[in-house]
Amino acid sequence: MSHVLVVGGTGMLRGASLHLASQSNTVSVIARSQNRLKTLVEEADSLEGMIHSIQVDYREGEQLRAKLKKAVDLFGPISLVVSWIHSTAPEAPSIVADIVGRGSSSFRFFDIWGFLTEDPWHVEREKRFQEMEKILYRKITLGFVIENGVSRWLTNEEISSGVIQAIEKDKASFVIGRVEPMSAHP
Ligand SMILES: NC(=O)c1ccc[n+]([C@@H]2O[C@H](COP(=O)([O-])OP(=O)(O)OC[C@H]3O[C@@H](n4cnc5c(N)ncnc54)[C@H](OP(=O)(O)O)[C@@H]3O)[C@@H](O)[C@H]2O)c1
């Protein structure tokens, strides 16, 4: 993979961003905090590939569009997107798909869903993206863990390594942890 994009890659996806940087030429990472982006870039220094930080608030559509386009111009077509976008930015996933699609013949879009987010916003996007020509849409659902009879949410490490597994298995739908029994969630 030569150019990969991780939207929201400095939080729970930090480990996934670094893993992808060990396997790609460039991983563009979107987040707002300059400091968290800077430490991620530094941590990737010893890896095969590099992290390119894109500091932008993804709720600002025009800025997101411009900065993403610049990253494609600089580092080439994006073949893989990992997307963790809050519902505060309903337009952002389409903007990302549009800009990435303009530069690529086809790309995989790993869309991360939180537990219990079968809301209209996600469902509509899944349907629309599945119908788009260039996108190979992949859904990742964050579940929970039952440990010694007690249920808890996933840790950041479990989320990042689950995302890497999902990319490797490349299934249309992948669950990290478990989603059943539904009533047992933390
Ligand atoms: N099922 C589960 O177990 C489950 C599900 C969901 C979450 N969680 C846990 O909950 C914790 C908190 O979740 P979280 O959503 O805050 O995840 P997070 O991954 O820790 O943070 C969100 C990521 O998106 C970026 N971001 C957020 N808003 C942005 C914006 N407007 N523009 C650009 N980038 C933006 C953040 O960087 P900036 O803040 O710098 O912008 C960060 O990189 C996670 O650490 C995770 O462990 C667990």
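Computed from the coordinates by the stated procedures, all read-outs in this text should not be read as laboratory data. Keep in mind the model is a prediction, meaning the values are calculated, not measured.
Below are the figures for this structure:
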{"read-out": "Selected from GLU168, GLU48, GLU126 as most flexible by GNM, with the chain as the system and alpha-carbon contacts under 10 Å", "value": "GLU168"}
{"read-out": "Cα-based helix-to-principal-axis angle, 34-43 vs the chain, degrees rounded to 10", "value": "90"}
{"read-out": "Among beta bridges that DSSP assigns inside segment 3-184, antiparallel share in %, nearest 5", "value": "15"}
{"read-out": "Candidates VAL72, VAL150, VAL81: whichever shows maximal mean-square fluctuation once the chain is modelled as a Gaussian network with Cα springs under 10 Å", "value": "VAL150"}
{"read-out": "All-pairs Cα distance distribution in segment 97-156, expressed in whole percent, bin size 10 Å", "value": "19, 40, 25, 13, 4"}
{"read-out": "Over the chain, relative contact order from alpha-carbon pairs under 8 Å, at least 6 apart, %", "value": "19"}
{"read-out": "Under 23 Å from the Cα of LYS67 - lysines, other chains or at least 8 residues apart", "value": "LYS38, LYS134"}
{"read-out": "Residue with peak Gaussian network fluctuation, the chain [Cα springs, cutoff 10 Å], from SER160, SER53, SER94", "value": "SER94"}
{"read-out": "Acute angle (nearest 10 degrees) that the helix 120-131 long axis makes with the longest principal axis of the chain, alpha-carbon atoms", "value": "60"}
